[in-house]
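> Got a structure for you, questions after.
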Amino acid sequence: MQKTILSGIIAVSTSAFAAPALAEMELSIYSGWQTSPHSRLYGDYPGTGADIDALIGWEGRSFEMPPYYGVRGTWWKNEKLGFGLEFTHAKVYAPDNEKAAIGFSDLEFTDGLNILTVNAYQRWPGLWAQGTVTPYVGGGVGIAVPHVDVDTTTGLETYEFQFTGPAARLTAGVSYDINDRFAVFGEYQFTYSSNSVDLPEGGSLETDIKTNALNVGLTLKF
């Protein structure tokens, strides 16, 4: 199933980017402050099959190692319409008291809650500040491949990357041109991922995780 979804994303992105003449390509990197609201966690406890049903108040801890960051490539087909691929390394930790209450010593996606999407963008070049500031919006769909770090208080461990389900993102921001090659930007970004995690001895976890982030970054144009 993972290979099928990845193949579909590649096919969609290839057809979108195969324009005969691309007006502009960009490579952007960013970091910032990322948080995650509460979400309901369901599942079966490893080894016992006991039901898990808890509300988790996820913590982002953006500036702790490994830090929150993202990278994206954008192909602008014309002045206003673009397509791209984006990877975000987000993070979520379950608070100590909440994970202990349901029998876990570790419960986190911190290397990280990895989101890969195919995006479409709309921008308005030079709309503000005498032509130097460009607002933009975008959105995309893709997959979540988090690093699952889950340990039970009974000694069962899960420490691996897993494909856990579909993902989506929405972005709105502004870009400021430093010169013809470089720009800086600030933006708000929302991500959603549906995560179904496999644990040892018949265990499982399911949760929908949302993130909110304020990003700042640098863009290289070529």
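> Take the residues in the range 37-48 that are among the small types (Gly, Ala, Ser) and open to solvent by less than 40 Å² (accessible area, probe 1.4 Å); name whichever of them is nearest to residue 150 (Cα to Cα).
Taking the candidates together, the pick is 43.
> Which count do you get for residues in the range 91-106 that are open to solvent by less than 40 Å² (accessible area, probe 1.4 Å), assigned to a strand (DSSP E or B) and more than 11 Å from residue 59 (Cα to Cα)?
1
> Closer than 30 Å to residue 177 by Cα and over 25 Å from the mean Cα position of the chain (by Cα): which single residue out of 138, 131 fits that description?
That would be 131, the only listed residue that is closer than 30 Å to residue 177 by Cα and over 25 Å from the mean Cα position of the chain (by Cα).
> Would you check if residue 148 is in a strand (DSSP E or B) and open to solvent by 10 Å² or more (accessible area, probe 1.4 Å)?
No; evaluated as a whole, the condition is false for this residue.
> Here's a follow-up. Select from the range 51-107 the residues that are among the acidic types (Asp, Glu) and at pLDDT 95 or above and list them in ascending order.
Across the range 51-107, the qualifying residues are 51, 53, 59, 86, 96, 98, 106.
> In the range 63-88, what residues are free of Cβ contacts under 8 Å to residues at least 60 places away in the same chain and under 30 Å from residue 98 (Cα atoms)?
Result: 63, 64, 65, 66, 67, 69, 87.
> For residue 78, which of the numbered conditions (1) open to solvent by 60 Å² or more (accessible area, probe 1.4 Å); (2) of a type outside the set (Phe, Trp, Tyr); (3) closer than 28 Å to residue 155 by Cβ fails to hold?
(3)
> Here is a follow-up. Does residue 115 fit the bill of being within 18 Å of residue 207 (Cα to Cα), touching a helix residue (DSSP H, G or I) at 6+ places or on another chain (Cβ under 7 Å), in a strand (DSSP E or B) and open to solvent by less than 10 Å² (accessible area, probe 1.4 Å)?
no
> Let me ask you something else. Just to verify a result, which residue in the range 118-135, among those that are touching a Pro at 6+ places or on another chain (Cβ under 9 Å) and assigned to a strand (DSSP E or B), is surrounded by the fewest Cβ atoms within 10 Å (Cβ to Cβ)?
If we take residues in the range 118-135 being touching a Pro at 6+ places or on another chain (Cβ under 9 Å) and assigned to a strand (DSSP E or B), then 128 is surrounded by the fewest Cβ atoms within 10 Å (Cβ to Cβ).
> Hey, residue 49 hits all of (1) of a type outside the set (Asp, Glu); (2) at positive phi; (3) without any contact (Cβ under 8 Å) to a residue 12 or more places away in the chain but one; which does it fall short on?
(3)
The values are calculated or read from the model by the stated rules, or taken from the named source; none is laboratory data. None of the values given here were measured: they were computed from a predicted structure. All Cβ positions, even for glycine, are placed from backbone atoms using ideal geometry, and neighbour counts span all protein chains on display. The area values use the complete protein model at the heavy-atom level, side chains included, leaving out ligands, DNA and RNA. Shrake-Rupley method; radii C 1.70, N 1.55, O 1.52, S 1.80 Å.
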